[in-house]
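Structure, as structure tokens:
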């Protein structure tokens, strides 16, 4: 994927990956689920989280479900569209590992 940072005239050339769409009816599929990693909290262990993400990646899932409290927006970011963008951007480094092979489905915490 090639992309350009806002305000830059240079493109960043990234690695190229593949994905697949819907499988045939009756075909087996694999998915992984994560919940509440609480990135940013004092008890969050980035090394352990990376192991968990790698274990999920090793399952070669068709899609990945995140049940919430991943970004901790309400605790560490302003409750705005920009706050949500900043939270996702800050955590992209971890999901870049996973996005090479799988789609994401993010849950929404009810207020």
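Numerical summary
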| read-out | value |
| --- | --- |
| Within the stretch 51-73, considering residues that are out of contact with any strand residue (DSSP E or B) (no Cβ under 9 Å at 6 or more places or on another chain) and exposed (fewer than 13 other Cβ atoms within 10 Å of the Cβ), the one farthest from residue 17 (Cα to Cα) | 51 |
| Filter pass, residue 47 being modelled with pLDDT of 85 or more and touching a strand residue (DSSP E or B) at 6+ places or on another chain (Cβ under 7 Å) | no |
| Every residue from the stretch 66-98 that is in contact (Cβ under 8 Å) with a residue 40 or more places away in the chain and outside any helix (DSSP H, G or I) | 66, 67, 68, 69 |
| Considering residues of the stretch 18-33 that are surrounded by 10 or more Cβ atoms within 10 Å (Cβ to Cβ) and at pLDDT below 85 only, the residue farthest from residue 95 (Cα to Cα) | 23 |
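Yes/no matrix, rows are residues, columns are (1) closer than 13 Å to residue 97 by Cα; (2) in contact (Cβ under 8 Å) with a residue 40 or more places away in the chain; (3) more than 16 Å from the chain's Cα centre (by Cα):
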site	(1), (2), (3)
24	no, no, yes
29	no, no, yes
40	no, no, no
45	no, no, yes
49	yes, yes, no
52	yes, no, no
55	yes, no, no
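The values are calculated or read from the model by the stated rules, or taken from the named source; none is laboratory data. Just so you know, these numbers come straight off a predicted model, no measurement behind them. Here Cβ is always computed from backbone atoms with ideal geometry, including for glycine, and neighbour counts include all displayed protein chains.
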